[in-house]
Amino acid sequence: MKNTGAGKFFVTTPIYYVNSLPHIGHAYTTIAADTLARFYRLMGHDVLFVTGTDEHGMKAEQAAKAEGMAPPNYVNKMAASWKKLWLGMGLSFDDFIRTTEERHKKVSQSVFEKLYKQGDIYKGMYEGWYCASDESFWLEADLVEGCCPNEWCKRPVERVKEENYFFKLSAYQDFLLEHLRQRPDFVMPKVRYNEVFSFVKSGLRDVCVSRRTFKWGIPIPFDPDQVIYVWFEALLNYITVCGHLSDDKKFKQFWPADVHLIAKDILRFHAVIWPAMLKAAGLPLPKMIFAHGWWEMKGEKISKSKGNVVGPAELVDEVAKTCGIDKALGVDVVRYYLFREIPFGADGNFSMDNLLQRYNADLANDLGNLLHRTLPMVEKYFGGVVPEPGAALGAETEVKVEVKEILSRIQSLDFSGYLSTVWQLVSSANKRIEVYAPWKLAKENDPKLATLVYSLIQDIAEVCIVLSPVIPEVSKRIWKELGMDGDPSAFGLNAIKKEVVPTGTKTRRTKPIFPRLDLKKETAPKIQTKGEHKVDLIDIADFKKLNIQIAEVLSAEKVTGADRLLKLKISLGSEERQVIAGIAQWYKPEDLVGKRIVVLANLKDAKIRGELSQGMLLAAQDETGALSILTLDKPVNTGAKVA
Ligand code: MSP
């Protein structure tokens, strides 16, 4: 989009490892960036949206070896597949950076050399462990049962003893703390900010930034026997791609990035090491690092190593087939589900059932119905032409799209909040049809009929524009049916006025965009699912099946090797039990001892990380995923029932 003076917006995704193909976790971050990019374009900003591939390191080298290929050939093949897949999903990135490109080598070597010359990088002896899967260095004390301590990895590590180069991260501790204090939105959401703050406060050690025993990387210019540590150079992709050392004008325009989108697994690299590197290099820091949660299956992060991946292309095919729609619409259904279902920032369980329910309730029913009730009215009562409005309607079913509210939701990356705001408009338009009953107005020759139909058309058009960043293809098709030419995204958010579709426009109805599914008839979804998010109504008999009781925490301790879990011994008055609860991020064991808590006591026993869990602690989860356990406001005996 042309610069309209609205400003610039630079959004990045992580550059992904090429040892595997994308799954929906990767698609989630990339679609989030795509949605933001489309939104800022809609607002008239000059947008730079980039993604790419991280191609050096042991992981890529080992994967190439496993395929019997030379690393350059292997990474070329894989990078091409990643790019093709993203393009196939209609993602609108402006550049696709590969770390094997010359422009990236130049920036990496130059920054490394600068930091070395000024003493921020120095030679030292590294003795410790390396996890090729996460491309991370670990000290003996970090390991859990001799393996990589990352909860989602836990793979064997290898011993490394090399004379390497180190980056003086410790020298930037005060700077980082001060920056975090000054910029509470530097790391989002809040739970991640707190995590980073306490990590930095607990003390930073210098980090190893080169490898000697290993060759697939960018050579250090003044010591070509070594390559630059893959994470050190990967982070630099963000300045390479916006023109550092190659296009000054572009670099000045776009750097610093407005948002680095990542998931919580790579938070420290982005929110601790990267800002320190930039400070050392004399460059401004990104404005925000947003670390969203994980898509999980059966409570585990979706990842290649867990063998539980759902490929985006396969998912789109499955959705298209099940719903009887084409693939381009299938992409939008997936986009809609991913961002409506889970607040951005929290973890979510991927569920094909929920996806299909969302499809039916929100897209086929709410949105689809609105369109396919309105267009026949234009045809039946006004010869297929958008009528001139007549007598005013009452304000009782009037909800306007509050552009300001939508903007603030988007600016804080609250995608689900933004979608539910838009859905208020969809619901109010549907309600207006019921309240004014057009068939009655027609019988009575009431001039309000034209006003009603006109207002519905304008509302659908507004919905189309504001939804175009999330479901671009759907928006385009609805736009066409409204009789409009071009693309709703070209309309511009600021151009939304009372009349989007001019009176006299000839509508172009086709068959319903979203055929409704008979979900009862649907056979078990082909994609493995877990976790229900829709709330169905239950009767009191169902509730009575739950045995919820008050318990006292007798002792609490961490579960070895599981960052999130605490093992609680609890008393229900007449018996003692053990409960495993995923609250370690929010509660220290010592804070819980002696507390009265609320537990679901008749849940089947389960083994969690090898530990027996005999019940479930009840807690409330906010939109960031943070948990708060339920407690009592006056003393109640342990064992008391909650009714
Ligand atoms: N190459 C590094 C990143 C370097 S950036 C300078 C890397 N690559 S990765 O292929 O492992 O991608 C990690 C990212 O993929 C996560 O931060 C997240 O954006 C996305 N996701 C991978 N699995 C995911 C889920 N299960 N759920 C949500 N996002 C996930 O780390």
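The values are calculated or read from the model by the stated rules, or taken from the named source; none is laboratory data. Predicted, not measured: the structure shown is a model, and the values here were computed from it. Quick reminder, even Gly has a Cβ in these numbers, built from the backbone with ideal geometry, and neighbours come from all protein chains shown.
Below is a table of values for the structure above.
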{"item": "Residues of segment 46-99 that turn out to be within 28 Å of Lys252 (Cβ to Cβ) and at pLDDT below 95, as a count", "result": "0"}
{"item": "Segments classed as helices (runs of 4 or more DSSP H), wholly inside segment 173-268, with at least 3 members that are free of Cβ contacts under 8 Å to residues at least 24 places away in the same chain", "result": "173-182, 190-201, 248-254"}
{"item": "Qualifying residue in segment 147-169 (condition: touching a residue at least 24 places away in the same chain (Cβ under 8 Å), more than 16 Å from the ligand (Cβ to nearest atom) and either of a type in the set (Gly, Ala, Ser) or part of a helix (DSSP H, G or I) (or both))", "result": "yes"}
{"item": "Any chance Lys287 is of a type in the set (Lys, Arg), more than 13 Å from the ligand (Cβ to nearest atom) and in a helix (DSSP H, G or I)", "result": "no"}
{"item": "Test: residue in segment 66-79 that is hydroxyl-bearing (Ser, Thr, Tyr) and under 25 Å from Ser246 (Cα atoms)", "result": "no"}
{"item": "Leading residue by the ranking (nearest to Phe344 (Cα to Cα)) among those in segment 168-190 that are of a type in the set (A, V, I, L, M, F, W, C) and touching a helix residue (DSSP H, G or I) at 6+ places or on another chain (Cβ under 7 Å)", "result": "Val187"}
{"item": "Criterion violated by Ser92 - all others in (1) within 30 Å of Val403 (Cα to Cα); (2) polar (S, T, N, Q); (3) within 14 Å of the ligand (Cβ to nearest atom) satisfied", "result": "(3)"}
{"item": "Search result, residues across segment 573-631 that are assigned to a loop (DSSP other than H, G, I, E, B), touching a Gly at 6+ places or on another chain (Cβ under 9 Å) and of a type in the set (Val, Ile, Thr)", "result": "Thr624"}
{"item": "Subset of segment 427-460 [of a type in the set (A, V, I, L, M) and crowded, with 23+ Cβ neighbours inside 10 Å]", "result": "Ala429, Leu449, Leu452, Val453, Leu456, Ile457, Ile460"}
{"item": "Evaluation of Ser305 against (1) modelled with pLDDT under 95; (2) part of a helix (DSSP H, G or I); (3) more than 16 Å from the ligand (Cβ to nearest atom) (one fails), failing number", "result": "(3)"}
{"item": "Residue within segment 423-446 that is closer than 25 Å to Leu261 by Cβ and part of a helix (DSSP H, G or I) present", "result": "yes"}
{"item": "Meets criteria (in contact with a His (Cβ under 9 Å, 6 or more places away or on another chain) and of a type outside the set (S, T, N, Q)) for Phe9", "result": "yes"}
{"item": "Total residues in segment 314-345, condition under 18 Å from Gln621 (Cα atoms) and not in a helix (DSSP H, G or I)", "result": "4"}
{"item": "Selection count where residues are hydrophobic (A, V, I, L, M, F, W, C) and either modelled with pLDDT under 95 or within 18 Å of the chain's Cα centre (by Cα) (or both), scope segment 271-298", "result": "8"}
{"item": "Residue check for Gly531: at positive phi, at pLDDT 70 or above and among the small types (Gly, Ala, Ser)", "result": "no"}
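Yes/no per residue for (1) surrounded by fewer than 17 Cβ atoms within 10 Å (Cβ to Cβ); (2) modelled with pLDDT of 95 or more; (3) away from the ligand (no atom under 13 Å from the Cβ):
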position	(1), (2), (3)
Lys215	yes, no, yes
Pro224	yes, no, yes
Val227	no, yes, yes
Trp231	no, yes, no
Leu235	no, yes, no
Trp255	no, yes, yes
Ile262	no, yes, no
Phe269	no, yes, no
